[in-house]
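Okay, structure first, notes after.
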Amino acid sequence: MTFASLGLIEPLLRALETLGYQTPTPVQAQAIPAVLAGRDLMAAAQTGTGKTAGFAVPLLQLLTMEGPKVTANSVRALILCPTRELAEQVHASVAQYAEHLPLTTYAVYGGVSINPQMMKLRKGVDILVATPGRLIDLFRQNALKLNQLQTLVLDEADRMLDLGFSEELANIYRMLPKKRQTLLFSATFSDDIRLLAGQMLNDPLSIEVSPRNVAANTVKQWVVPVDKKRKAELFVHLMRKGKWKQMLVFAKTRNGVDALVDKLQGLGINADGIHGDKPQATRQRALDRFKASDVQILVATDVAARGLDIEDLPMVVNFDLPIVAEDYIHRIGRTGRAGNTGEAISLVCADEVNMLSAIEMLTRQTLTRKMEQDFEPEHRVPDTDASGQVVKKPKKPKKPKTSGGGGKRNLGKWVESGEVAAEPSIKPVRKVPVFNTGPRKKK
Ligand code: AMP
């Protein structure tokens, strides 16, 4: 299959050719004709599958071929993204695809001054990429009108809910014209997302390009059990031993990111960190330097790193496992992209066994464990498998106690299978927006 056979116009074909896209990816092959036909879409596509072009390319074609010129302060298509970095990245791709088209594109997000964004919107913008909070601010300050909107794209919709944007989405929904096309993209499909889709989409076409919730199989994954307090030491040891070059490291909290970056920098290792507390300019600078290979290790929280497309990233390290199992799929999706292979290593302590179990159940695989010599944990990480059960080892016959001996060290107690199976995944509290508007008219 070729892009030309999907009915794309010549300026788009030229742009794709310049980018080296030869054949459509599976999500593109399905999404492009559907979007061109005006359908609503509900697409389950993992990160790295080419989903951005899947929605942006046909959208650009529709905007070029039909509809009136954009008027002052208006937008014709809106792409909502969960994070600032993702908004920047999606916008950069859209701008590349639109290179030979007479369309305007722009990205707005919080953490930077609103005034230049208001100025830019005065003339109107064909495609606006936005994070939900800033979009609402601009709308409330009358810098933005949505009555000309033809298409809404919700990118990484699951993440938007995870990040607590449900109320913002409900507000935005009320600001939109009823007659429009809506495209919803999500790496994973929880019940909350299905509910959201039911409210926002009109007779959508469902696209699923990879088995539901299965992690990218181009990524070699393994787990190193370790005591919590020795994680940083183990990380440095593995890095030096394996001569790891460049890697993205995920830590659970902002403090965790800062502590690890301080430790690494203290050892003279070229590391930087990004998390939600850092100003946008600092985050972007760290990311740009990492992308340019000026930074060897980028330590990040999930919020800061979601959806980033970093070319040829060979390795992702989970310094901490994510609390939400689905985030594991997003994290390891940073590597093994666009046909390359990658490695994803998780440093797991006994406290994290429930998270490990939830990840294995979600990805339907038992992650290989590699014990590192001299780092064997005192607090044993109980065995787990893809069934979500903690596997109980057959009991060894008890040795008769010898008097006076130092005895064995405490190797951690076995967890009974029911303890983990009862709570396979820890989910964050999410509010699902309630939309009480009547049925939408079909476009
Ligand atoms: P995405 O899933 O949209 O973040 O895309 C992942 C990566 O794949 C990006 O670097 C894209 O530039 C690249 N890409 C998208 N579509 C294609 C294609 N048809 N051929 C080659 N690379 C592509």
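The values are calculated or read from the model by the stated rules, or taken from the named source; none is laboratory data. Quick caveat, the model's predicted, so the values are computed rather than measured. Cβ: placed from backbone, ideal geometry, glycine included. Neighbour counts: every protein chain shown.
Residues of segment 92-120 that are over 25 Å from Pro11 (Cβ atoms) and either in a loop (DSSP other than H, G, I, E, B) or touching a residue at least 24 places away in the same chain (Cβ under 8 Å) (or both): Val108, Tyr109, Gly110, Gly111, Val112, Ser113, Ile114, Gln117, Met118. For segment 1-49, a residue qualifies if it is of a type in the set (Gly, Ala, Ser) and either part of a helix (DSSP H, G or I) or buried (at least 22 other Cβ atoms within 10 Å of the Cβ) (or both), and the qualifying residues are Ala4, Ser5, Ala15, Ala29, Ala31, Ala34, Ala43, Ala44, Ala45, Gly48. Scanning segment 199-249 for residues that are among the charged types (D, E, K, R) and modelled with pLDDT under 95 returns Asp203, Glu208, Arg212, Lys220, Arg240, Lys241, Lys243, Lys245. Restricting attention to segment 335-362 and to residues that are farther than 16 Å from Asn318 by Cα and at pLDDT 80 or above, the residue that is farthest from the ligand (Cβ to nearest atom) turns out to be Met361. Scanning segment 106-117 for residues that are out of contact with any Asp or Glu (no Cβ under 7 Å at 6 or more places or on another chain) and surrounded by 15 or more Cβ atoms within 10 Å (Cβ to Cβ) yields Tyr106, Val108, Tyr109, Gly110, Gly111, Val112, Gln117.
Note on segment 247-270: residues that are over 24 Å from His379 (Cα atoms) and surrounded by fewer than 17 Cβ atoms within 10 Å (Cβ to Cβ) amount to 8. Filtered by the rule that a residue be touching a strand residue (DSSP E or B) at 6+ places or on another chain (Cβ under 7 Å) and more than 26 Å from Val27 (Cα to Cα), segment 173-199 gives a lone residue, Leu176.
Sub-8 Å Cβ pairs linking a first residue in segment 234-247 that is without any contact (Cβ under 8 Å) to a residue 40 or more places away in the chain and assigned by TED's automatic domain parsing to the domain that holds Val348 to a second residue that is among the aliphatic types (A, V, I, L, M) and part of a helix (DSSP H, G or I), at least 6 apart or interchain, are Val236/Leu264, ordered by first then second residue. Taking segment 1-44 as the range and being within 14 Å of the ligand (Cβ to nearest atom), among the aliphatic types (A, V, I, L, M) and under 23 Å from Gln181 (Cβ atoms) as the test, the residues that pass are Leu6, Leu8, Leu12, Leu13, Ala15, Leu16, Val27, Ala29, Ala31, Ile32, Ala43, Ala44.
For segment 118-125, the criterion of a residue being buried (at least 20 other Cβ atoms within 10 Å of the Cβ) and under 26 Å from the mean Cα position of the chain (by Cα) is satisfied by no position. Just one of the listed residues (Thr52, Thr23) is among the polar types (S, T, N, Q) and within 28 Å of Gln284 (Cβ to Cβ), and it is Thr52.
Looking at Ile332, is it β-branched (Val, Ile, Thr), modelled with pLDDT under 95 and either crowded, with 23+ Cβ neighbours inside 10 Å or touching a strand residue (DSSP E or B) at 6+ places or on another chain (Cβ under 7 Å) (or both)? Here the answer is yes, as Ile332 does meet what is asked. Under the condition of being within 16 Å of the ligand (Cβ to nearest atom) and either at pLDDT 85 or above or over 11 Å from the mean Cα position of the chain (by Cα) (or both), the residues counted in segment 300-325 number 6. Checking each residue in segment 57-70 for being within 16 Å of the ligand (Cβ to nearest atom) and farther than 15 Å from Thr182 by Cβ picks out Val57, Leu60, Gln61. Among the residues making up segment 71-94, those that are more than 16 Å from the ligand (Cβ to nearest atom) and surrounded by fewer than 20 Cβ atoms within 10 Å (Cβ to Cβ) are Thr71, Ala72, Asn73.
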